[in-house]
Amino acid sequence: MSENNRIVITGLGMISAIGNNVEECYENALKGVSGIKETNTVDTTNCYARLAAEVNSSEIENDNNDKIDRVTKLCIKACKEAIEDSKMSLNENMDRVSVIMGSCVGGAVSIEHYYRNNKDKNDVLKMPISAIASEVAKTFNCGGVVTNVANACAAGTISIAYASDLIRSGKADVVIAGGADAFASVPYSGFLALHALDSNPCSPFNHCTGITLGEGSGCVIVESYEHAKARNAKIYCEVLGSGISTDAHHITAPREDGEGQMNAINWAIKTSNIDKNDIGYINAHGTGTAKNDNAEFLSLHTIFDNENDDLSVSSTKAMVGHCLGAAGAIEAVFAIKALTTNKVFPTLGYSDEDLVNLKEKAGKIDFVPNESKDKKLTTVMSNSFAFGGNNASIIFSKENHEVEFQDRKNIVLTGIGVISPLGNDKNSYVNNINENKEIEGSSVHSELTQDDFNNVELKNAFYRKLDNLSKIQAVSGMQALKDANLNVTDDNATEIGIVVGSSEGALGTCCNFTENIVQKGNACGSALRFPNTVYNAAGGYLSIASGIKGYNVTVTNGSQSGLQSVAYGMNVIRSGKANYILATGTDENIEVIEELYNKLDLIEDNAYPFAEKNGFRLSDGSVSMVIENEEEANKRNAKVYCKIKGYGMAYKGADFGSLKNTEDGLKNAILNALSDANLKIDDIDCISGFANGYKEVDDIELNVYKDLFKEKLANIPLVEVKDYIGEARSAASSLALCHSALLLNGEIESSRAYYVSDSIVKANVSLKDCKNVLVTSYGLGGTYTAIIISK
């Protein structure tokens, strides 16, 4: 096996309701200690379920850092333990150390505090999931890829899978990966409204009458074997393959036939190059709801019956509760501890009568009722399934295997969908740009019409269930598939994936949900609105609308998220996990989002690029792209807008909400992209940037370009799409790439651009003679993405 392909775990960290560190959690889990108790931290008036598994940590409670949410405090504590456990130096080549964190509800505690305390502006920057990984990276001086995975209850598992793939692709040596969520009124009230909470402690694979919510964080240090060996690191285990899929079925309920779950599990086994009977233990998703447990029960029996007669399965959620975005990471730590100590954790809650029933239905699978057991293990699996139909499975082993991982470089853009204030499809946008139109006012938003839904064949019965964010995402995504002439069929549905990038995601819906329960009580949460409070709802609805069943992930890391979705998608295609990716950037400007930006004093009229303002014109939109392996595009004679040559991502620490002194982050992202594309700085003919009129943002861009391009910068057109559409966050970063591609192929005849020398001169340019365009974007806190496209 190529040592370059080997990925190992060198550090573990955890905090949960049954312990404030890994060893406490491990010992209590072996003893079958439950952390589920009656909660007194949220309003339970007139609520039928009053239990939760909450962290009891004086370190967390006494942490007076009022700039970060409880979820970030939990995350940093777990990460600190994992880093110390790994004995990793925090001073050597930190540009090769990345941070990938998963979360479901992000700063929900701060959102509630905002509405209970006269809308305190100090809460605003603590709300988004984007803040979590950024704060971790700043705390530990990391400089590599930094992002957050927001796939609800599968987020922690996907984060570890993505971390492993980043290292295999050569983008990092070490990744601090995991997940975190805090117990808060939003998930409590929401699951209460869905009647999904159990009034008793949850009982997975047994009574199956509901979940019990928990909180906490899990973290693992994911490292290349060569890097770990070079520093004589302690190695817990190898990370083998993973599988990530989507059901294309329902926004909250799993497919009853378990198809999506089985796809994820089977892909994990296949890419790990192991047999089904190599797996000795599975830490199951096991939530305690009838639909989830029945589907997982069916999936496990379908895959392993007659293939593995010595399989143990347990759900540790009966002890730590359902920790949402932290669940997969916490359960990965439990799975690794089981593997390295040869001990299997119990599933609590079985009476003598329950044990009789279990024996009748369990077959040869051992669900480890009530008591832990010793068992010699070589390979284990951890599974996570989530709202939106997202499924994730990952495998850890004491043995190394030839993990299936390809390296396909040639990727092209073949489809574009656009929802923006300047047009609700690609052609309308192009026409408006060619007519030199722009948005009017300091805050604008996109507006869909019935024709927009009809044009992509979305039925009223479907889209009326969707929130605004999911609507614009569904329409632009379907437009891109149509533009690419890519028909989703039973034969190719699993070969197509979705990567949604969003700066604020479902924050607007989450705020509206929270305001309602603050006014009326947690017993009055909206069952219709709650599913749309998770950031991956938009991606889930898009999979349902399109029928896509492959890789599905939502990333959130500020305005650059749209461009980062392309970079993530490139990684998925290169690794052979998909032939096609629908990569999107989507953010909305509904009333509450405008309110939050006004709280930060960031909305300003006449804020054009390089206008030296203290804010920007706020807008929104959804821009979707079909990117695919060039070989597949050629096979189907697809129209190619451009080649996507390479990408780079980097971070330079600043307080979340600021970009001060983060020039090195952008510079490193650009240099990484050039290296990935096998190009030099002199090969760049045009730049498509991210200036929005806000001086702090624009100065970063100018400083870095002047440093890298020197005197050549005076002859390079700097195209800024925010000149036309304002700050549409992730939609703008996606549009920056598409706008440039449309310029390259001549559909956009000319575009506004800037030339920078001793002064800044504005002009109209054509890119018909250009070959390579550098596209850049930023995220508050100092995260940057750069992508290079060419004819």
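Please return the ranges of strands (runs of 3 or more DSSP E) entirely within segment 689-791 where 1 or more residues are closer than 16 Å to LEU671 by Cβ, in contact (Cβ under 8 Å) with a residue 60 or more places away in the chain and in contact with a strand residue (DSSP E or B) (Cβ under 9 Å, 6 or more places away or on another chain).
772-779, 783-790
Scan segment 89-108 for residues that are on the phi < 0 side of the Ramachandran plot and buried (at least 24 other Cβ atoms within 10 Å of the Cβ) and jot them down.
Those that are on the phi < 0 side of the Ramachandran plot and buried (at least 24 other Cβ atoms within 10 Å of the Cβ): VAL97, SER98, VAL99, ILE100, MET101, GLY102, SER103, CYS104, VAL105, GLY107, ALA108.
Count, please, the residues in segment 572-583 that happen to be out of contact with any helix residue (DSSP H, G or I) (no Cβ under 6 Å at 6 or more places or on another chain) and either among the β-branched types (Val, Ile, Thr) or within 19 Å of SER777 (Cα to Cα) (or both).
The qualifying residues number 2.
What pairs come out if I take residues in segment 221-237 that are under 11 Å from ARG6 (Cβ atoms) and pair them with residues that are of a type in the set (D, E, K, R) and part of a strand (DSSP E or B) whose C-beta lies under 9 Å away, six or more apart or interchain?
As it stands, the answer is TYR225/GLU238; ILE235/GLU223, since those pairs meet every condition given.
Being open to solvent by 20 Å² or more (accessible area, probe 1.4 Å) and touching a Ser or Thr at 6+ places or on another chain (Cβ under 8 Å) is true for just one of ALA728, ALA736, ALA714, ALA732. Which residue is that?
Among ALA728, ALA736, ALA714, ALA732, only ALA714 is open to solvent by 20 Å² or more (accessible area, probe 1.4 Å) and touching a Ser or Thr at 6+ places or on another chain (Cβ under 8 Å).
Tally time: how many residues in segment 208-241 are open to solvent by 10 Å² or more (accessible area, probe 1.4 Å) and under 23 Å from the mean Cα position of the chain (by Cα)?
1
Just the residues that are among the hydrophobic types (A, V, I, L, M, F, W, C) and in a strand (DSSP E or B), please, taken from segment 306-322.
Once the filter is applied, which keeps residues that are among the hydrophobic types (A, V, I, L, M, F, W, C) and in a strand (DSSP E or B), segment 306-322 yields only VAL313.
What tally of residues in segment 125-152 results from selecting those that are within 11 Å of the chain's Cα centre (by Cα) and either surrounded by fewer than 24 Cβ atoms within 10 Å (Cβ to Cβ) or more than 13 Å from VAL555 (Cβ to Cβ) (or both)?
1
Since PHE205 meets every condition but one in (1) open to solvent by 10 Å² or more (accessible area, probe 1.4 Å); (2) modelled with pLDDT under 95, which condition does it not meet?
(1)
Given the condition more than 30 Å from LEU355 (Cα to Cα) and either of a type in the set (S, T, N, Q) or out of contact with any Leu (no Cβ under 8 Å at 6 or more places or on another chain) (or both), answer yes or no: does some residue in segment 194-215 qualify?
no
Does segment 283-305 include one or more residues that are surrounded by fewer than 21 Cβ atoms within 10 Å (Cβ to Cβ) and in a loop (DSSP other than H, G, I, E, B)?
Yes, segment 283-305 contains a residue that is surrounded by fewer than 21 Cβ atoms within 10 Å (Cβ to Cβ) and in a loop (DSSP other than H, G, I, E, B).
Give the residues of segment 154-199 that are in a loop (DSSP other than H, G, I, E, B) and within 21 Å of ARG408 (Cα to Cα), sorted by residue number.
Result: SER169, GLY170, LYS171, ALA172, ASP173.
With (1) modelled with pLDDT of 95 or more; (2) open to solvent by 20 Å² or more (accessible area, probe 1.4 Å) as the list, and ILE15 as the residue in question, which single condition is left unmet?
(2)
Has segment 528-548 got any residue that is at negative phi, open to solvent by 10 Å² or more (accessible area, probe 1.4 Å), touching a strand residue (DSSP E or B) at 6+ places or on another chain (Cβ under 7 Å) and not in a loop (DSSP other than H, G, I, E, B)?
The answer is no, given that none of the residues of segment 528-548 is at negative phi, open to solvent by 10 Å² or more (accessible area, probe 1.4 Å), touching a strand residue (DSSP E or B) at 6+ places or on another chain (Cβ under 7 Å) and not in a loop (DSSP other than H, G, I, E, B).
In segment 587-610, which residue that is outside any helix (DSSP H, G or I) and open to solvent by less than 30 Å² (accessible area, probe 1.4 Å) is nearest to LEU718 (Cα to Cα)?
Step by step, filter segment 587-610, then rank; the result is PRO609.
Looking at this structure, is ASP467 among the acidic types (Asp, Glu), touching a Ser or Thr at 6+ places or on another chain (Cβ under 6 Å) and open to solvent by less than 30 Å² (accessible area, probe 1.4 Å)?
Judged against the criteria, ASP467 is a match.
Would you call VAL33 part of a loop (DSSP other than H, G, I, E, B), in contact (Cβ under 8 Å) with a residue 60 or more places away in the chain, touching a helix residue (DSSP H, G or I) at 6+ places or on another chain (Cβ under 6 Å) and of a type outside the set (S, T, N, Q)?
Against the criterion (part of a loop (DSSP other than H, G, I, E, B), in contact (Cβ under 8 Å) with a residue 60 or more places away in the chain, touching a helix residue (DSSP H, G or I) at 6+ places or on another chain (Cβ under 6 Å) and of a type outside the set (S, T, N, Q)), VAL33 does not qualify.
The values are calculated or read from the model by the stated rules, or taken from the named source; none is laboratory data. Since the model is a prediction, treat every value here as computed from it, not as a measurement. Positions of Cβ are generated from backbone atoms using ideal geometry, with glycine treated the same way; all protein chains shown enter the neighbour counts. Just so you know, the surface numbers come from the protein's heavy atoms only, side chains and all, with ligands and any DNA or RNA stripped out. Shrake-Rupley method; radii C 1.70, N 1.55, O 1.52, S 1.80 Å.
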